[in-house]
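Visitor: Just passing along the structure, written as structure tokens.
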Amino acid sequence: MNVSLAYLVVNSPQDTGYNYGLGYVAAALRQGGHEVDLTTLADADDVTAFRERVRSRGPGIVGLSATTSQFGYVPEIAGAIKAASGAFVVCGGPHPTLLPECLLEAPGLDGIVRGEGEEPLRELADALESGADFRTIKNGWFRDGEAIVKNPLRPFVHDLDALPFPDKDCLDYQGVIDRAGGVNRFIFSRGCTFGCTYCSNRALSRLAEGAYFRQQSVDRAIGEILHDRERYRFNRVVIDDDTITLRKDWFRDFFTRYRSEVGLPFTCNVRVGTVDRDMLGLLREAGCGTVVMGIEHGNEAFRREVLKRPMTNRQIVETFDACHALGMKTFGQAIVGFPRENKRLFLDTVRVCRRVGVRNPISIFQPYPATELGDLCRKEGWLPGRRGFRERREAVISFPGFGKEEIQLCADAFPILTQSTWIPLGLPLKWTLRIWRAVDLGRYVVRRVGQRLVEKARRVLAGGGRGVHAAFGG
């Protein structure tokens, strides 16, 4: 059976051109003898092209993957696909997994797939191809006339090594690498052991039986990189595991072998409190150029009590300083716009980020279903009033004492405040933005005047020096 998969990233900063989950689903489908193509839907043109491709290709199944901020586009896309073909349309991903009732919001969907989708999608393709009953497939919710069949979830996949490598032949993966500047991305684990109140991992961990955090063997992880190296051209690696430092024995074995068997520069995520100087030294020796770490908030009490992240500011500073001492760059992730936050608390985040040298933008809080803070927003009536917005970049929720306009101002001013430490934190944020725009305009004027003087001097010199004094008023 032909299957078309699509990953939604409309108005999202998450567009890497490839989705690991769908890659694994595609591999399972191909292993079962089905044909698969995969695409990313980033804008209206992509959606139109995908609809026409579905119309001409005639797949038996169209599978969509959506986060919470992306699901708002699913009803329209699923309806358009349904009108253009006779495909069986399903949607998976974090949002349908945690809020399966969303099936009622999208009449164009025939069902949703919750949790890990490799086996459910392969079983669905097998059943539709053979004419067997698909309505009993675990992890699936399916329409049955006016009713909805709600099936239980199967246990989490225990042995990640038993899965085939994620399929990358179902799209132009070399093009994905080339558009990323030669970067190839990998992920070697699933799940997380922590309980941050804004993250979906804790809610997802409670859905099925079995261990939620699982990790491939070192042999399998190194083998996947070497497998890709035989098929694609890339000069840098990004390891997207949420926290690569959870199992120290795995960490030391993997990066020791990576250094000798792969040897490419790479970026990875670590968590403050789970990494020591020896581990950071091994990262540097293995070729790590940038370490990504979550700060999330600069106020210790807020971070501990509201976000359930018990690390201290001293630990954050020491870990960033250790990275810098080893010659590694850092990328500090922070968030603004939490429930119970305000501008005063936001400035604590700025202070910590100034201290550790954060230069990247800040994200804006997004309430996800079944998370502690997501449930709080739902209970208090604080969920976004609209679905079409720039995920993590646009403030769409107002809280008591912290309106969305002020949250947006904080997010817009953050990179200015962290990069221009001479700007006092006591200034109104609107003034900060005005000062920066004036300084930026002044720099532009000076740069343009300098360029014109250089160009004038080059023309004079090209003429053999004749008229130099006249050219400059001498």
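Taken together, the values in this text are just the output of simple stated rules run on the coordinates, not laboratory data. Please read all numbers here as calculations on a predicted model, not as lab measurements. Here Cβ is always computed from backbone atoms with ideal geometry, including for glycine, and neighbour counts include all displayed protein chains.
Visitor: Out of residues 5 or more away from E296 or on other chains, whose amide H comes under 5 Å of its own, with H placed 1.01 Å from N in the peptide plane?
Guide: Sorted by chain and number, the residues that satisfy this are Q333, A334, I335.
Visitor: On the Cα set of the chain, report Rg and Dmax in Å, please.
Guide: 25.4, 92
Visitor: Now for a separate question. Quickly work out the T421-to-R448 label distance, labels modelled 7 Å from Cα along the C-beta direction, and quote it in nm with one decimal.
Guide: That separation, rounded to one decimal, is 3.3 nm.
Visitor: Next up: Straight-line reach only, C-alpha to C-alpha below 21 angstrom: list the lysines that K150 could link to, leaving out same-chain residues fewer than 8 apart.
Guide: The reachable lysines, counting only those whose Cα sits under 21 Å from K150, are K138.
Visitor: Another question about this same structure. If we count other beta carbons within 10 Å of each Cβ, what is the order of V317, V9, V218, fewest first?
Guide: The most exposed by this proxy come first: V317, V218, V9.
Visitor: Taking the dipole about the Cα centre of the chain, with the C-beta of Lys and Arg at +1 and of Asp and Glu at -1, give me whichever of L453, P428, G23 is farthest to the positive side.
Guide: About the Cα centre, the residue reaching furthest to the positive side is L453.
Visitor: Do any cysteines in the chain lack another Cys Cβ under 4.7 Å, and if so which?
Guide: Result for the chain is C91, C102, C170, C192, C268, C288, C323, C353, C377, C410, no neighbouring Cys Cβ within the cutoff.
Visitor: Reachable lysines from K343, Cα under 19 Å, same-chain residues fewer than 8 places away excluded?
Guide: K404, K430
Visitor: Per the helix-only calculation at 222 nm, which mean residue ellipticity applies to the chain, given -39500 (n - 2.57) for every DSSP H run of n ≥ 4 and division by its residues, nearest 500 deg cm²/dmol?
Guide: The helix-only estimate for the chain comes to -13000 deg cm²/dmol at 222 nm.
Visitor: Dipole magnitude of segment 263-370 about its Cα centre, charges +1 at Lys/Arg Cβ and -1 at Asp/Glu Cβ only, in debye to the nearest 20?
Guide: Result for segment 263-370 is approximately 360 debye, rounded to the nearest 20.
Visitor: Can you list the aspartates and glutamates whose alpha carbon sits under 13 Å from that of K329, skipping same-chain ones fewer than 8 residues off?
Guide: In chain and number order, the partners are D321.
Visitor: Eigenvalues of the Cα gyration tensor times 5, then square-rooted: what semi-axes does that give for segment 172-426, in whole angstrom, largest first?
Guide: Each semi-axis is the square root of five times an eigenvalue, giving 32, 22, 18 Å.
Visitor: So what's Rg/Rh here for segment 139-181, counting alpha carbon atoms and using the Kirkwood radius for Rh?
Guide: That ratio is 1.24, to two decimals.
Visitor: Given points 7 Å out from each Cα along the Cα-Cβ axis, report the A162 to R355 separation in nanometres with one decimal.
Guide: Roughly 4.8 nm, to one decimal.
Visitor: Quick one: if the Förster radius is 51 Å, what FRET efficiency do S56 and D249 give, using the C-beta to C-beta distance and rounding to 0.05?
Guide: It comes out at approximately 0.50.
Visitor: At 20 °C and 1.002 mPa s, grab the translational diffusion coefficient of segment 194-238 from Stokes-Einstein with a Kirkwood Rh over Cα pairs, rounded to a whole number in µm² per second.
Guide: Answer from the Stokes-Einstein relation: 158 µm²/s.
Visitor: Also, quick follow-up: Of P166, I81, V10, which is farthest on the positive side of the dipole of the chain, counting Cα position, with +1 on Lys and Arg Cβ, -1 on Asp and Glu Cβ, and the Cα centre as origin?
Guide: V10
Visitor: Under a plain spin-label model, where a point goes 7 Å from the Cα along Cα-to-Cβ, how far apart in nm are K329 and R437?
Guide: 2.9 nm
Visitor: Nearest 0.05, what FRET efficiency do D15 and L461 give at R0 = 51 Å with Cβ-Cβ as r?
Guide: E(calc), rounded to 0.05, equals 0.65.
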